[in-house]
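**Q** The following block contains the structure, expressed as structure tokens.
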Amino acid sequence: TILHIESEAGNAERVRFIVREFARKNLLGKLANQMETALISAAYYGHTEVVEVLIDGAKHLTTSANPVTSFQTFLRQADQDLETALNVAVGRGHTAIAKLLVEADPSDTHVQNKDGKTPLYNVAEKGYNKIVMAICKTCATPSLDGPGGSTALHAAIGNIHKGMYHKVCLEIFKKLASLS
């Protein structure tokens, strides 16, 4: 859609216009070729301001009787590889976007992508300390699961030699203990 094109291009003003003027068309929920939303596209390309505009626009989606609101459904929509906007943002190291997404939906438990990695596992594995801390401190019950029965703590411990701080491992361990 035109919303996807402008989200990929990073033009926040045009995205704002499209979301506002075509609200009845609900372009926010439309999927592109690989089942990605405009939010996933904006997260992929690191367009923080566009992500903010899309999140703000999605707050006005009609909610249903379902315990998961339309807003949360929009944020949690996954593409064909089971990558949500958060999975994509953390995978590409977009700290500001990851923070926006976890703050917008702190109750999300975060699903595993096709490789079996949750956002927390992915950032722990890559050593993105700031995103690890944002997820642990903001999200109520993030999934710590990883591939093959491993957890985000395994990934963090595996990265200590790469500069992963003990503080980050401790934060993940505390989150793991609180979920048990």
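**Q** Spin-label point model (7 Å from Cα, Cβ direction): what's the LYS114 to ILE2 distance in nm?
**A** With each label point 7 Å from Cα toward Cβ, the separation is 3.2 nm.
**Q** A further question follows. Roughly how large, in nm² to one decimal, is the mean projection of the convex hull of the alpha-carbon atoms in region 85-127?
**A** 2.8 nm²
**Q** Same structure again: In sequence order, what are the phi-derived ³J(HN,Hα) couplings for region 100-114 according to the Karplus relation 6.51 cos²θ - 1.76 cosθ + 1.60 with θ = phi - 60°, rounded to whole Hz, with x for glycine and proline?
**A** Ordered by residue, 3J(HN,Hα) equals 4, 5, 6, 6, 6, 9, x, 8, 5, 8, 6, 8, 7, 7, 4 Hz.
**Q** Same structure, new question: Quick one: putting +1 on the C-beta of Lys and Arg, -1 on the C-beta of Asp and Glu, what dipole do you get for region 12-126 around its Cα centre, in Debye to the nearest 20?
**A** Dipole about the Cα centre, nearest 20: 260 debye.
**Q** If you roll a 1.4 Å probe over region 1-59 with all protein chains in place, what percent of the accessible area is carbon or sulfur?
**A** 47 percent
**Q** If I model a spin label at ASN26 and GLN80 as a point 7 Å from the Cα along the Cα→Cβ vector, what separation in nanometres do I get?
**A** Going by the 7 Å Cα→Cβ label model, 2.4 nm.
The values are calculated or read from the model by the stated rules, or taken from the named source; none is laboratory data. Quick caveat: nothing in here was measured; it's all calculated off a predicted structure. Here the Cβ is made from the backbone with ideal geometry for all residues, glycine too, and neighbour counts use every protein chain on show. Accessible surface areas use protein heavy atoms only, side chains included; no ligands, DNA or RNA. Shrake-Rupley method; radii C 1.70, N 1.55, O 1.52, S 1.80 Å.
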